[in-house]
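Structure, as structure tokens:
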Amino acid sequence: MSPIKGLTNRNMAFPKIGNIRKGEPKGESKFPKDLDHFRVEFDELEVEASEIFLREYGPEPKEILIWLPFKEILECWDAWLEAYTAGAMVARSDGETYNYLREPDTGRIIVKDGVDVISGDPKPYIAEEPATYYEDTKGKQQPVFLKPVGRLEVIIPVLERLSSLTLHTSSQYDIAEITKNLQALYFINDSSLQGIDILLKRKPREISTPGKDGKRVRRTKYLIFLETAPAWVQSQINGRRKRGELKSVEIAGELGSGITAGEATGEVIVEGVIVDDTVPPPPQAGLTRPYDPSTLKDGLEYKAANNYYGNKKQSSKEQRNLLRMSLELVWIGEGDAKAVEQKRKDVSKFLTGEHSTLKIPAPWVWVMLNEWLKPEQDSGGEWSINKIAASEARMVWRVATREAGQAEIEF
């Protein structure tokens, strides 16, 4: 690539399709109300993405499943002290020196890329000094000070696109928490932020803020937290236990904010609830659901090969249709019918070696229906499958497409 300074030497990025914000739209209010949920805004042309998100999370989501697009923290997370006038940035600092600064009167750039454009020296940042001024409605000059700004680039898996949304926050508490969370995720995932299912959450916390009389008062604010999704944590636990790397208690302590383990039984407990483990365990004893794709495949194969339901040499057309429908229920409403069908085929191929449900051996059909997916029909005629099985199927699909070379970036 031929270099053009300022154009081709920028950081890599996916197409941006929207923003995730914490407060109400500004409108005429100088201080918009902080919300207890996320306000997600898609670009006006992203009608389908907006509809998919609304269908999955509703209009006031407090929790969103996300991926981070790149390995390194600084490739995903951007936090500075910044000042703006009329919507344009006039100053940026890391808290010690200016990274960017415009002259208040002329608008001339006096600091760029961390150095004074004339002297070439860093310009110290002094918190008590305003970056610039603006004229209020009464014609008076008002100072503009730098404030914390944080931006996190995220991918929302349910959209099934390698396009990003930007999470915005101006809370110093959020910035500190997000930074700590990212550092912890980077540490436990072998120095990479990729490949982690993360829950982006709003949670109430009591924080100290200035009151009207200048005294500090405690207020409830809904802060941002990044937590590993329980399904991802459990898949890591299963994988490490399968490889014999760690015992259950050690793994839970390393990986889970909401994960504990019973020392006597080895049960994995998520937020006080023992994980459903009704599926007979595969050959590796002590694993808990959701199973990682290879463990799931081994377990199903073990049951099918050992005639778990007797010597079933045949399965009916109705059973195969039910299996096809059950797998497609995992992605129902997400994309067109062709895309859903292809995902079902990818999962079938990974687990059984066959794309078509018509060619899957009969023992596999019996085991997949009765021991894994467990389809049920309610009184209104609607079908559903085991939720943990649905989570496992999604993990299988991601691994299957990656192995087939359909996904260039590992998630």
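The values are calculated or read from the model by the stated rules, or taken from the named source; none is laboratory data. From a predicted model like this one, the values you see are computed outputs, not experimental measurements. All Cβ positions, even for glycine, are placed from backbone atoms using ideal geometry, and neighbour counts span all protein chains on display.
Structure notes:
- Complete set of residues in the range 320-372 that are basic (Lys, Arg) and under 19 Å from Lys297 (Cβ atoms): Arg324, Lys343, Arg344, Lys345, Lys349, Lys359
- Annotation: of all residues in the range 135-160 being of a type in the set (Val, Ile, Thr) and under 30 Å from Asp336 (Cα atoms), the one that is surrounded by the fewest Cβ atoms within 10 Å (Cβ to Cβ) is Val158.
- Candidate set from the range 99-122 (those that are surrounded by 12 or more Cβ atoms within 10 Å (Cβ to Cβ) and acidic (Asp, Glu)); member that is farthest from Leu146 (Cα to Cα): Asp116
- Residue in the range 81-103 that is farthest from Phe14 (Cα to Cα), counting only those that are part of a loop (DSSP other than H, G, I, E, B) and among the acidic types (Asp, Glu): Glu103
- Verdict on Ser192 being closer than 25 Å to Glu72 by Cβ, part of a loop (DSSP other than H, G, I, E, B) and among the small types (Gly, Ala, Ser): yes
- Residue in the range 104-124 that is outside any helix (DSSP H, G or I), under 23 Å from Lys180 (Cβ atoms) and touching a Lys or Arg at 6+ places or on another chain (Cβ under 7 Å) present: no
- Those residues of the range 370-388 which are in a helix (DSSP H, G or I) and at pLDDT 90 or above, in sequence order: Trp372, Leu373
- The lone exception for Glu72 - which of (1) over 31 Å from the mean Cα position of the chain (by Cα); (2) in contact (Cβ under 8 Å) with a residue 60 or more places away in the chain it fails: (1)
- Some residue of the range 139-149 being touching a His at 6+ places or on another chain (Cβ under 9 Å), closer than 30 Å to Ile196 by Cα and either in contact (Cβ under 8 Å) with a residue 24 or more places away in the chain or of a type in the set (D, E, K, R) (or both): yes
- Exclusive hit being touching a residue at least 24 places away in the same chain (Cβ under 8 Å), of a type outside the set (Asp, Glu) and within 24 Å of Ile196 (Cα to Cα), set Val367, Val347, Val340: Val347
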